[in-house]
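Here's the structure we're looking at; comments come further down.
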Amino acid sequence: MRDINTAKEIFDRYNGMMRTSELSKEKIYYADIAWLIQSGAVEKIRHGYYQWVDPDNQSEAATVIRLFPDGILCMDTALRHYGYSDRTPAEWHIAVSKYSNRTRFKLDYPFVKPYYVAPDVLEIGLCEQEIDGNKVRMYDKERVICDCLRYRNKMDRESFNKAIQSYVRDTGKNIPKLMEYAAPLRCTTLVDNIIGIWL
């Protein structure tokens, strides 16, 4: 396997990210990977994971969605995306099932912060957004605000207040949807007491 084009075709079938087991299945062996890495076509992301280098898409978002296709961007990452925070998070905040294997999040790169969520509420508010040209799974504004209320004791006060006030001022907010989400997420009283006073 010393053919860049053939290797790219194989990586493309795996959405640009391959595991060691998949490489073996496709008869791409250690020497081939070493050559692809040396040529700059492939980079090692973590133990057992290799990513095709796309010079037109250097966004970390692409790596995150390849590593965690089941994850949903949430909390600080979503707050920044919606303009509810002016801080760039040092980590990608990702919601996953509470039954997920926790060792998969121990990465040197990219930095991720997982939120382990019960499967029955994991996909409440799931929508598709775009970051750096990459389609990503993310919570909508109402779910993000519900999560801010649920995790308010883990957020610094300034970030929490900015998120709430930004949502209240947002002309695109959907209060009926917020209340709909609040019931299964068990934060109806918080929505009434914290959001309600601003409306």
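Assuming charge only on the beta carbon of Lys and Arg (+1) and of Asp and Glu (-1), the dipole of the chain about its Cα centre is about 620 debye to the nearest 20.
Taking 0.36 nm per residue of sequence separation and removing the Cα-Cα distance, the Gln165/Ser24 pair yields an extension gain of 45.6 nm. In the chain, the calculated helix contribution to ellipticity at 222 nm averages -10500 deg cm²/dmol per residue, counting -39,500 (n - 2.57) for every DSSP H run with n ≥ 4.
Among Asp32, Asp156, Asp54, the largest mean-square fluctuation in a Gaussian network model of the chain, built with springs joining Cα atoms closer than 10 Å, belongs to Asp156.
Annotation note: trypsin sites (Lys or Arg not before Pro) in segment 121-199 located in DSSP loop regions with a Cβ neighbour count of at most 13 within 10 Å are Arg186.
Computed from label points 7 Å out along Cα-Cβ, the spacing between Val53 and Arg87 is 3.4 nm.
Its residue count N sets the reference 2.2 N^0.38 Å, and the alpha-carbon radius of gyration of the chain equals 1.20 times that reference. As an equivalent ellipsoid, segment 109-173 spans semi-axes of 20, 17, 14 angstrom, where each value is the square root of five times an eigenvalue of the C-alpha gyration tensor, largest first.
Add +1 for every Lys or Arg and -1 for every Asp or Glu among the other residues with Cβ under 14 Å from the Cβ of Arg46, and state the total. Once all neighbours under 14 Å are counted, the net charge is +2.
Rounded to whole numbers, the Karplus 3J(HN,Hα) couplings from phi for segment 121-136 are 10, 4, 9, 5, x, 5, 8, 10, 10, 10, 10, 6, x, 9, 6, 10 Hz, using 6.51 cos²θ - 1.76 cosθ + 1.60 with θ = phi - 60°, and x at Gly and Pro. Here the residues Ser21, Ser85, Ser97, ranked from fewest to most Cβ neighbours within 10 Å of their Cβ, fall in the order Ser21, Ser97, Ser85. Computed from the C-beta positions of Ile4 and Asp108 and an R0 of 41 Å, the FRET efficiency is 0.95 to the nearest 0.05.
For the pair Asp132 and Asp70, a Förster radius of 25 Å applied to the C-beta separation gives a FRET efficiency near 0.75, rounded to the nearest 0.05.
Remark on Ala95: its backbone amide H falls under 5 Å from those of Ile72, Leu73, Cys74, Tyr115, a criterion applied only to residues 5 or more positions apart or on other chains, H modelled at 1.01 Å from N. On the beta carbon distance between Asn15 and Lys98, with R0 = 22 Å, the FRET formula returns roughly 0.30. In this simple spin-label approximation, Ala183 and Arg150 carry label points 7 Å from Cα along the Cα→Cβ vector, and these lie 1.7 nm apart. With the Kirkwood sum run over all distinct C-alpha pairs, segment 4-56 has a hydrodynamic radius of 10.8 Å.
Applying both filters, DSSP loop and at most 10 other Cβ atoms within 10 Å, to the trypsin sites (Lys or Arg not before Pro) of segment 1-107 gives Arg2, Lys27, Lys106. Where does the charge balance sit around Glu128 when Lys and Arg score +1, Asp and Glu -1, over other residues with C-beta under 12 Å from its C-beta? Cβ neighbours under 12 Å give a net charge of 0.
No lab work stands behind these numbers, since they all come straight from the coordinates. Quick caveat, the model's predicted, so the values are computed rather than measured. Glycine gets a Cβ as well: all are built from the backbone with ideal geometry, and neighbour counts include every protein chain shown.
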